[in-house]
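Asker: Attaching a single structure in structure tokens format; questions to follow.
The values are calculated or read from the model by the stated rules, or taken from the named source; none is laboratory data. Fair warning: this is a prediction, and the values are worked out from it, not measured in the lab. Please note: Cβ atoms are built from the backbone with ideal geometry, for glycine as well, and neighbour counts cover all protein chains shown. Protein only, heavy atoms only, side chains kept; ligands, DNA and RNA dropped before computing areas. Shrake-Rupley method; radii C 1.70, N 1.55, O 1.52, S 1.80 Å.
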Amino acid sequence: MDLTEKQLSCKNIYSGRVVKLDVCDVELPQGKSGIREVVRHSGGAAVLYVKDNKILLVKQYRFPYGKELYEIPAGKLNKGEDPMAAAARELTEETGCIAKSLKRLCEVYPSPGYTDEIIYVYLAEEVTQSEQHLDEDEFINTCYMDINEVLCLIEQGKICDAKTLAAVYKYLYSNKIYLK
């Protein structure tokens with residue numbers, strides 16, 4: 001069975017600084033009609049950096065969840081921006097780290113049921129330290145956390161960020177690191 005849904009029409013309901021909301025009429029695979037609400041997002045780029053078996057994390061307050069979260073450094077893509085360039089920019093802005101090279105780890109679809117956002121995840125290599133250059137509305141603490149501690153926090157449900165989970169597990173799998 002072909003699962004494709006055909007877009008019949010689409011109307012933009014909201015356009016903000018970060019997202020747009022479209023409501024689309026679609027034809028479902030069996031021929032009936034349906035409605036899809038789609039949050040349009042320019043995408044993001046994220047960076048995993050591991051030094052001496054420790055992962056560089058940022059901690060910041062996330063308003064939608066009402067609490068501080070540990071995450072790998074990441075940010076929104078500017079219109080037309082190359083994801084790898086955005087990843088390098090975000091790593092430096094948020095942590096002061098400058099990567100000589102970035103290697104693609106994976107792409108993450110954070111919530112494909114309602115958004116078209118794609119987060120491009122990279123691994124930073126050959127990093128030097130400089131200074132943070134945070135945006136005016138950005139408040140971030142950074143830390144290096146042992147991989148085992150990161151895994152414990154994931155297992156305890158204290159690190160839940162999708163891009164961070166994907167990056168950590170992809171890194172461990174790709175490097176054949178199996179921790180107990």
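Asker: Does segment 121-133 contain any residue that is more than 30 Å from Arg36 (Cβ to Cβ), open to solvent by 40 Å² or more (accessible area, probe 1.4 Å), touching a helix residue (DSSP H, G or I) at 6+ places or on another chain (Cβ under 8 Å) and of a type in the set (Gly, Ala, Ser)? So that I can check it myself, show each step before the final result.
Answerer: We begin by selecting, within segment 121-133, every residue more than 30 Å from Arg36 (Cβ to Cβ); these are 122-133.
Subsequent filtering for residues that are open to solvent by 40 Å² or more (accessible area, probe 1.4 Å) retains 125-126, 128-133.
The next check asks that each one be touching a helix residue (DSSP H, G or I) at 6+ places or on another chain (Cβ under 8 Å); those that pass are 130, 132-133.
Checking the rest, the ones that are also of a type in the set (Gly, Ala, Ser) come to 130.
Checked against the condition, which is being more than 30 Å from Arg36 (Cβ to Cβ), open to solvent by 40 Å² or more (accessible area, probe 1.4 Å), touching a helix residue (DSSP H, G or I) at 6+ places or on another chain (Cβ under 8 Å) and of a type in the set (Gly, Ala, Ser), segment 121-133 yields at least one hit.
Asker: Just name the residue that is least open to solvent (accessible area, probe 1.4 Å) out of those in segment 86-109 that are farther than 23 Å from Asn141 by Cβ and of a type outside the set (A, V, I, L, M).
Answerer: Per the stated criteria, the residue is Cys106.
Asker: Take Ile55 and decide whether it is of a type outside the set (Lys, Arg) and farther than 17 Å from Lys163 by Cβ. Give the steps one after another, and end with the answer.
Answerer: Values: of a type outside the set (Lys, Arg): yes; farther than 17 Å from Lys163 by Cβ: no.
Criteria not met by Ile55.
Asker: From the list Arg40, Arg17, which residue is open to solvent by less than 100 Å² (accessible area, probe 1.4 Å) and either in contact (Cβ under 8 Å) with a residue 24 or more places away in the chain or outside any strand (DSSP E or B) (or both)?
Answerer: Being open to solvent by less than 100 Å² (accessible area, probe 1.4 Å) and either in contact (Cβ under 8 Å) with a residue 24 or more places away in the chain or outside any strand (DSSP E or B) (or both) holds for just one of Arg40, Arg17, which is Arg40.
Asker: Let me ask something else. When segment 149-163 is examined, which residues are found to be open to solvent by 60 Å² or more (accessible area, probe 1.4 Å) and either at pLDDT below 95 or among the acidic types (Asp, Glu) (or both)?
Answerer: Across segment 149-163, the qualifying residues are Glu149, Glu155.
Asker: Something else: Go through segment 43-68 residue by residue and tally those that are assigned to a strand (DSSP E or B) and among the small types (Gly, Ala, Ser). Walk me through it before giving the result.
Answerer: Going through segment 43-68, the residues assigned to a strand (DSSP E or B) turn out to be 44-48, 50-51, 54-62, 67-68.
With the extra rule that they be among the small types (Gly, Ala, Ser), the set shrinks to 44-46.
Looking only at that region, the number is 3.
Asker: Taking the stated definitions as given, is Val23 β-branched (Val, Ile, Thr) and open to solvent by 20 Å² or more (accessible area, probe 1.4 Å)?
Answerer: Yes: the conditions hold for Val23.
Asker: While we're looking at this one, here's another question. Which residues, counting only those in segment 110-119, are farther than 22 Å from Ala88 by Cβ and surrounded by 14 or more Cβ atoms within 10 Å (Cβ to Cβ)? Spell out the reasoning first.
Answerer: Step one: of segment 110-119, the residues farther than 22 Å from Ala88 by Cβ are 111-116.
Across segment 110-119, the qualifying residues are Thr115, Asp116.
Asker: Also: I'm trying to understand the selection: among the residues of segment 23-37, which are aliphatic (A, V, I, L, M) and part of a strand (DSSP E or B)?
Answerer: Result: Val23, Val26, Ile35.
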